[in-house]
Amino acid sequence: MTNTFALLAQGGPAKLGEKTGAANLDNGSIILIGVALVAVLIFLVFLFIFFSFIRLWIQALLTKADIGIGSLIGMKLRNVDYGMIVRQKIALVQAGVKVTTPDLESHYLARGNVPKTATAVIAAHKAGLDLPWRTAAAIDLAGRDVLEAVRTSVNPKVIDCPDPAKGKQFLDAVCRSGIQLLAKARVTVRTKLERLVGGATEETIIARVGEGIVKAIGSAHDHKEVLANPGMISQTVLHNALDAQTAFEIVSIDIAHIEVGENIGAKLQADQAAADLRVAQAEAEKRRAAAVAREQEMRALCEENRAKVVEAEAQVPQAIADAFSKGNLGVMDFYNMKNLMSDTSMRNNIASMTGGGGAENTPGRG
């Protein structure tokens, strides 16, 4: 029994050592597995970077675009379309335009159209026009079509005056003779890139040219003079510097169509005569009304005077009676007065029957 315990005592520590060694072996395996996983992850990241950027980096390296792997990773982290930036940078470098990668990236982050801006700069450089990248970016960010501006600068375009899209086909102008002329012009303009930002648009050119044409026609003495020489209109308009403070340079102004309209002068004279007639009629009606009113006043005055005469005649018998009572009038005087009145009445009747002057020309009519 004692030997058995002794053997057990000798075997116990040996088994404990074996268990401790196994635990150490497991910890080492875990560390190795962790290191292997990290290595695999780093390798996968390297493969992702390699396949994502190596092709673009090689293209930039072969074309001398000067874009490194670090720049590509930074653009990726800043959510920039690095593939498009690399392609545009390669195109600019191959065209001989010096533009830095941060300029392209900043224009993209500012919501600019990098491909169109790059195409415009390349086109301007090939055409011998001075268009730096910053100027082109400013034009694009201002809302202007920079590529169309470069094309217009290289190949001038024609603008109709007036603009048919606004619903008006001809400009109306009147000569000094009063004849209306209907004109239509075509303006050839070239874009000025240095004044594209802040310069007036095509509508200003159309408005100024239209104003100049109307002024030139209005200063002509006769419409025949304008019809015989339409070029004088364009020459007069060109000398007024109508393209000042605009984004365009006027190359030429051509009168495309001109025709005779209405006789505005005669129409205005007829309208004026009709207005004068109405005024004269109103004045005549006013005078007639005044005359009628005056006539009524005179009639009323006559009736008033007749009433006074009747009133005065009504006092004659009373005056005669007073004269009798006071002894100022005798019987013979009264009869003589009666005879005189009868004689006067007879003379008036004879004069009226023979067409004479009546009572006004009768002697004794006091």
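Peptides 340-353, 197-210, 304-317 ordered by packing proxy, namely the average of other Cβ atoms within 10 Å per residue, highest first: 197-210, 340-353, 304-317. Quick one: net charge around T119, please, counting Lys, Arg +1 and Asp, Glu -1 for every other residue with C-beta under 15 Å from its C-beta. Once all neighbours under 15 Å are counted, the net charge is +3. How far is helix 316-326 tilted, in degrees, relative to the longest principal axis of the Cα atoms in the chain, given as a value from 0 to 90 rounded to the nearest 10? Once rounded, one gets 40 degrees. For the chain, averaging the sequence separation of C-alpha pairs within contact (under 8 Å, six or more residues apart) and dividing by the residue count gives a relative contact order of 10 percent.
Going through (i) 1.18; (ii) 2.84; (iii) 1.28, the figure that equals Cα Rg over 2.2 N^0.38 Å as computed for the structure here is (ii). Report the normalised scattering of region 263-342 as log10 I(q)/I(0) at q = 0.10, 0.15 Å⁻¹, calculated by the Debye formula with identical scatterers on the alpha carbons. Debye curve over Cα of region 263-342, log10 I(q)/I(0) at q = 0.10, 0.15 Å⁻¹: -0.57, -0.78.
Compute the signed sum of charges (Lys and Arg +1, Asp and Glu -1) over the other residues within less than 15 Å, Cβ to Cβ, of V80.
Within the 15 Å Cβ shell, the charges total +2.
Using a 1.4 angstrom probe on heavy atoms only, work out the carbon and sulfur share of the accessible area of the chain in %. Using a 1.4 Å probe with all protein chains present, the chain comes out at 59 percent carbon and sulfur. Given their separation in residues at 0.36 nm each and the Cα-Cα distance between them, K98 and E194 gain 32.7 nm when the chain is fully extended. If R0 is 45 Å, the Cβ-Cβ spacing of Q59 and I33 corresponds to a FRET efficiency of close to 0.70.
So how do H125, H239 rank on accessible area, 1.4 Å probe, biggest first, that is with the largest at the start?
In descending accessible area the options line up as H239, H125.
If R0 is 22 Å, what FRET efficiency do you get for N240 and Q169 from their C-beta distance, rounded to 0.05?
Details: r = 24 Å, r/R0 = 1.09.
The computed FRET efficiency comes out at 0.40.
Between beta-carbons, use under 14 Å as the cut-off and find the net charge around E297, counting Lys and Arg +1, Asp and Glu -1. Result for the neighbourhood of E297: -1.
So what's the back-of-envelope 222 nm ellipticity for the chain, counting only DSSP H runs of four-plus at -39500 (n - 2.57) apiece and dividing by all residues, rounded to 500?
-22500 deg cm²/dmol
In the chain, the longest principal axis of the Cα atoms and the axis of helix 331-354 are about 60 degrees apart.
Tell me, how many Å apart are the Cα centres for region 224-273 and for region 336-353? Here the two parts' Cα centres lie 91 Å apart. Got a sec? Which residues in region 284-321 would a label at S345 touch, if it sits 7 Å along Cα→Cβ and we count backbone N under 20 Å? Inside the label zone: 309-321. Of all the options A319, A241, A300, the one that moves most in a Gaussian network model of the chain with Cα springs shorter than 10 angstrom is A319. Annotation: per residue accessible area for region 174-313 equals 62 Å², rounded to a whole number [probe 1.4 Å, protein chains only]. Per residue, the average separation of C-alpha pairs within less than 8 Å and at least 6 apart gives region 161-317 a relative contact order of 29 percent.
The values are calculated or read from the model by the stated rules, or taken from the named source; none is laboratory data. None of the values given here were measured: they were computed from a predicted structure. Don't worry about glycine lacking a Cβ; one is built from the backbone with ideal geometry, like all the others, and counts go over all protein chains shown. Just the protein is used for accessible areas: all its heavy atoms, side chains included, with ligands, DNA and RNA removed. Shrake-Rupley method; radii C 1.70, N 1.55, O 1.52, S 1.80 Å.
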